[in-house]
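S.K.: Following this message is one structure expressed as structure tokens.
The values are calculated or read from the model by the stated rules, or taken from the named source; none is laboratory data. Quick caveat: nothing in here was measured; it's all calculated off a predicted structure. Glycine gets a Cβ as well: all are built from the backbone with ideal geometry, and neighbour counts include every protein chain shown. Accessible surface areas use protein heavy atoms only, side chains included; no ligands, DNA or RNA. Shrake-Rupley method; radii C 1.70, N 1.55, O 1.52, S 1.80 Å.
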Amino acid sequence: MTQRVDLSTVMDRLSIDAVITGYAVAVDDGAWTDYRALFTADGRADYRTAGGIEGPAAEVAEWLRETMLLFPVRQHLIVNRRLALQDLGGYPGDRARLQADYMNPMRLVSGPQETPGPDTGPADRPTSPNFVSGGRYAFELLRTEGGWRIRGVTVHEKWRDLSGSLATG
């Protein structure tokens, strides 16, 4: 490999990392336009193992928008990223696969004061989740004219924990 190929590979890795981080931020912030923009035109998402749906990214974004209204406080933590870039005889290709573990603490709505907005501070928000799940994402990515995009994401939920009053009620 040449230095140019090595630099290209590093840039690809950084760009893909930005897409995956953007995915988590978009879901956590409810930025559904940003979520859709992370996908290719034919991009798909599969949330069935977490009780969700599978389909085109635009349809899944709408389902997420509605579903996440139940969880006004949420924060994805995506870790242990394992990236495999397509190798075209020592040169990077235009496809990649990434597996990453996640943990997702969320807080269910329990009253109007718990809907965070731009003017609410930390004292206005609940501090502990009452729903946490974890598992693994499998991302398929494609290099496009606009940069790296998600062609597909599949959620493999491995566990969930309901704490507090949810576990007993």
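S.K.: Where residues in segment 33-72 are open to solvent by 40 Å² or more (accessible area, probe 1.4 Å) and in contact with a Pro (Cβ under 8 Å, 6 or more places away or on another chain), which of them is farthest from V155 (Cα to Cα)?
M.R.: D42
S.K.: Looking only at segment 123-169, which residues are modelled with pLDDT of 75 or more, assigned to a loop (DSSP other than H, G, I, E, B) and open to solvent by less than 80 Å² (accessible area, probe 1.4 Å)?
M.R.: Once the filter is applied, which keeps residues that are modelled with pLDDT of 75 or more, assigned to a loop (DSSP other than H, G, I, E, B) and open to solvent by less than 80 Å² (accessible area, probe 1.4 Å), segment 123-169 yields N130, G146.
S.K.: While we're looking at this one, here's another question. Can you tell me which residues in segment 73-103 are open to solvent by 90 Å² or more (accessible area, probe 1.4 Å) and modelled with pLDDT under 95?
M.R.: Q75, D87, L88, Y91
S.K.: Residue pairs, Cβ under 7 Å, 6 or more apart or interchain, first in segment 69-83 and closer than 23 Å to L98 by Cα, second charged (D, E, K, R) and part of a strand (DSSP E or B). List them.
M.R.: Final answer for the pair search is V79/D101; N80/D101.
S.K.: If you take the residues in segment 1-49 that are assigned to a helix (DSSP H, G or I) and of a type in the set (D, E), which one is modelled with the lowest pLDDT?
M.R.: Here the answer is D6.
S.K.: Further question: Only residues that are polar (S, T, N, Q) and more than 20 Å from V155 (Cβ to Cβ): list them for segment 79-95, please.
M.R.: The one that is polar (S, T, N, Q) and more than 20 Å from V155 (Cβ to Cβ): Q86.
S.K.: Does G52 meet the test of being within 17 Å of S133 (Cα to Cα) and not in a strand (DSSP E or B)?
M.R.: yes
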